[in-house]
1. Looking only at the range 165-180, count every residue that is surrounded by fewer than 20 Cβ atoms within 10 Å (Cβ to Cβ) and in contact (Cβ under 8 Å) with a residue 60 or more places away in the chain and tell me the total.
2. Among the candidates ASP150, ASP174, which residue alone is acidic (Asp, Glu) and in contact with a helix residue (DSSP H, G or I) (Cβ under 9 Å, 6 or more places away or on another chain)?
3. Just to verify a result, which residue in the range 109-151, among those that are more than 15 Å from the chain's Cα centre (by Cα) and among the polar types (S, T, N, Q), is farthest from ALA198 (Cα to Cα)?
4. Can you find a residue that is of a type in the set (Asp, Glu), touching a helix residue (DSSP H, G or I) at 6+ places or on another chain (Cβ under 8 Å), assigned by TED's automatic domain parsing to the domain that holds PRO142 and surrounded by fewer than 18 Cβ atoms within 10 Å (Cβ to Cβ) anywhere in the range 8-22?
5. Would you pick out the residues in the range 63-79 that are surrounded by fewer than 19 Cβ atoms within 10 Å (Cβ to Cβ) and either at pLDDT 95 or above or farther than 19 Å from ALA15 by Cβ (or both)?
6. Consider the range 30-72. How many of its residues are out of contact with any helix residue (DSSP H, G or I) (no Cβ under 8 Å at 6 or more places or on another chain) and either basic (Lys, Arg) or in the same structural domain as PRO144 (by TED's automatic domain parsing) (or both)?
7. Hey, can you tell me all the residues within the range 153-163 that are surrounded by fewer than 20 Cβ atoms within 10 Å (Cβ to Cβ) and either touching a helix residue (DSSP H, G or I) at 6+ places or on another chain (Cβ under 9 Å) or not β-branched (Val, Ile, Thr) (or both)?
Amino acid sequence: MEFILFDLDNTLYSAGQDVCDQVSARIKRYMIEVVGIPLDDVDDLRHSYWKRYGLTMQGLMRHHGVDPEDYLSYVHDVDIADILRPDPDLSRALQSLPLRRAIFTNSTTDHSERVLNALGLGGAFEEIFDIRVANYLPKPFPEPYHAVLDRLGIAASGCIMVDDAPDNLKTAKDLGMGTILVGQQTSSPWIDVAVQEAAEVPHVLNLWIQE
């Protein structure tokens, strides 16, 4: 193993921290105020686009001509510093990992940097691979995974992926990566290890390597 890829939101911090709720509220507001979609249609459209394309943004790009950069700037305009606090336990855990580290996220680099800085993790990762890495195609589509591996110059077998979404980890496992699920338990066969929080990753990784 050479690299460990971490998802960002709801992986490096818990889902109860309200960041994604605020982003979700801004997505809804964008659809109503910028795109002009009637309020009564928004929730059904979001669900439909998410199931079909993996992200609401992809549906808005394909069916409403939305500029992805305008959308991304709008929906991530959240005051992260008011929500997240430094996490020294996670910082120590990440520094103890024997693998190189990168972020692999469906959000943006700017959003990622603000989250990492708020958590006290600035400089903890070598690279950030964001939604632009495969022309706005999100995880769990395979294209961004291939793009990340190409950029890193390594095989999937040299990577472990850490994510809170089982579907994202299924693609990783299909490609040959190791998989660690954060925040929930599952019996899914493509999950190698499940942990409650990201700070537990070094412990399970050490056990994994010893096996």
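1. Within the range 165-180, residues that are surrounded by fewer than 20 Cβ atoms within 10 Å (Cβ to Cβ) and in contact (Cβ under 8 Å) with a residue 60 or more places away in the chain number 1.
2. ASP174
3. Out of the qualifying residues, it is ASN135.
4. Keep residues of the range 8-22 that are of a type in the set (Asp, Glu), which gives 9, 18, 21.
Subsequent filtering for residues that are touching a helix residue (DSSP H, G or I) at 6+ places or on another chain (Cβ under 8 Å) retains 9.
Checking which are assigned by TED's automatic domain parsing to the domain that holds PRO142 leaves us with 9.
Now narrow it down to the ones that are surrounded by fewer than 18 Cβ atoms within 10 Å (Cβ to Cβ): none.
So far as the range 8-22 goes, no, none of its residues is of a type in the set (Asp, Glu), touching a helix residue (DSSP H, G or I) at 6+ places or on another chain (Cβ under 8 Å), assigned by TED's automatic domain parsing to the domain that holds PRO142 and surrounded by fewer than 18 Cβ atoms within 10 Å (Cβ to Cβ).
5. Within the range 63-79, HIS63, HIS64, GLY65, ASP67, PRO68, GLU69, ASP70, SER73, TYR74, ASP77 qualify.
6. Residues in the range 30-72 being out of contact with any helix residue (DSSP H, G or I) (no Cβ under 8 Å at 6 or more places or on another chain) and either basic (Lys, Arg) or in the same structural domain as PRO144 (by TED's automatic domain parsing) (or both): 1 in total.
7. So in the range 153-163, the residues surrounded by fewer than 20 Cβ atoms within 10 Å (Cβ to Cβ) come out as 153-158.
Selection gives GLY153, ALA155, ALA156, SER157, GLY158.
Every residue, every condition in (1) out of contact with any Asp or Glu (no Cβ under 9 Å at 6 or more places or on another chain); (2) aliphatic (A, V, I, L, M); (3) free of Cβ contacts under 8 Å to residues at least 60 places away in the same chain, yes or no:
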| position | (1), (2), (3) |
| --- | --- |
| GLY123 | yes, no, yes |
| GLU143 | yes, no, yes |
| LEU149 | yes, yes, yes |
| CYS159 | no, no, no |
| GLY183 | no, no, no |
| SER188 | yes, no, yes |
| PRO202 | yes, no, no |
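The values are calculated or read from the model by the stated rules, or taken from the named source; none is laboratory data. Since the structure is predicted, the reported quantities are computational estimates derived from the model, not experimental observations. Note that we place each Cβ from the backbone using ideal geometry, even for glycine, and neighbour counts take in every protein chain shown.
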